[in-house]
Amino acid sequence: MPGEPVALSALYVDAGGTLVDGPLEWAFCAARRPLAELGPVSRACLARDGDALLSLGTGLAVDAPAPADGCRLFGPEPPPATADQPAGRPVDPDITGGYYQPLRIFAGDDDADLTLFQSRITCGLAGADQQQSAEYRIRARPNRAPAVVALERDGDAIAPDVAVTVAPGGELPLRLVWETCPEAPKCGDGLCTLDEAADTCPGDCGGPIGCGGAETYLRFDPTALELVTEREAIRVAWYATAGRYAAARTGRAPDEPEAFSDNTWTAPDAPGEHTLWIVVRDDRGGADWRELAVRVE
């Protein structure tokens, strides 16, 4: 929600492995992209500093409130007029019904080491009537990032912080497993999901909300002008300091119920130590990752 605290962290790596510290400079950007400009964000978001930027600090993780005017600048609320220009039009939601505040990260002194990120913000519905908006507020639940349950090799879970051994040129079959989410709410399953609340299902909704996998969520369909439920797709990106994967990207479509994704890493021919990273993302901007150390010998 705009104005509420948000915790941000980065996976920062190089060819030698994961870095435990880094000069990452974080800033929210409050500049709307002019219609005449090309690109995903305003050019003002690419600067080191300026009136459009709200600095969040330096490091691998930062905590700060999301800008309070996010839904006016990047959401469905009418944006303010600037200078002698008339007010612009509200932003259209993405296919999941979401809106995003731009975030930029510089890594070090080189201006080319720039990363752009879209931080999802919770706003009201555009085009919905009063009854639909009220129903949405009651039923909808915020997105919960996917959570890695296990990384497996040949069906056996690999313990975190444990290195695995592979022969030179050998194959390492891997399976990334995330949480299994119900397609329909079920009181008593330990998960506070869509249409569940503390008053109707206190056993499930006394703790964290949502499920760390392919969640079923509520959105407003601007064409049909009605509330509809959708299920998230899950995407997995595979990275390594050396060697090669059978596929760079894998995952599951919304209609695939399986909560895992398989891939195979082939080791280099020479002995050495390497690091693998597997990053899992959902449709609504949530992410998690798992790191694996590998010895080729």
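Read-outs: derived from the displayed coordinates by stated rules, not from any lab. All figures in this text were calculated on a predicted structure; none of them were measured in a lab. Ideal geometry is used to build each Cβ from the backbone, glycine not excepted, and the neighbour counts take in all protein chains shown.
Going by average Cβ neighbours within 10 Å, how do the peptides 6-14, 114-122 rank, with the highest at the top?
Values: 6-14: 14.6, 114-122: 16.2.
Ranked from most to least packed, the peptides come out as 114-122, 6-14.
Points 7 angstrom from Cα along the Cβ direction at residue 266 and residue 116: gap in nanometres?
3.6 nm
For segment 243-263, list residues with backbone N below 17 Å from a point placed 7 Å from the Cα of residue 164 toward its Cβ?
Answer for this model: 243-251, 260-263.
Going by the alpha-carbon gyration tensor, a ≥ b ≥ c the square roots of its eigenvalues, is segment 110-167 rounded (a/c under 1.5) or, if a/c is not under 1.5, prolate (a/b greater than b/c) versus oblate? Mind showing how you got there, number by number?
Numbers: a/c = 5.40, a/b = 1.82, b/c = 2.96.
Verdict is oblate for segment 110-167.
Rounded to the nearest 0.05, what FRET efficiency do residue 132 and residue 189 give with R0 = 25 Å and r taken as the Cβ-Cβ distance? Could you check?
Numbers: r = 28 Å, r/R0 = 1.11.
So, using R0 = 25 Å, E works out to roughly 0.35.
Could you tell me, in Å, what Rg and Dmax come out for the Cα atoms of the chain?
Here Rg and the maximum Cα pair distance are 21.5, 68 Å.
Give me the one-decimal nm value for the distance between modelled label points at residue 237 and residue 20, 7 Å along each residue's Cα-to-Cβ direction.
2.5 nm
Which value results when the Cα radius of gyration for segment 1-116 is divided by 2.2 N^0.38 Å?
Working: Rg = 15.5 Å, N = 116, 2.2 N^0.38 = 13.4 Å.
The reported ratio for this selection is 1.16.
On a 0 to 90 degree scale, rounded to 10, what angle separates helix 130-139 from the longest Cα axis of the chain?
30 degrees
Reported to two decimal places, what Rg/Rh ratio describes segment 145-297 when computed on Cα atoms with Rh from the Kirkwood expression? All intermediate terms of the calculation are to be shown ahead of the outcome.
Values: Rg = 18.5 Å, Rh = 17.1 Å.
Taking Rg over the Kirkwood Rh, I get 1.08.
Looking only at 19, 172, 60, which one moves most when the chain is put into a Gaussian network model with springs between Cα atoms under 10 Å?
So, out of 19, 172, 60, the one fluctuating most is 19.
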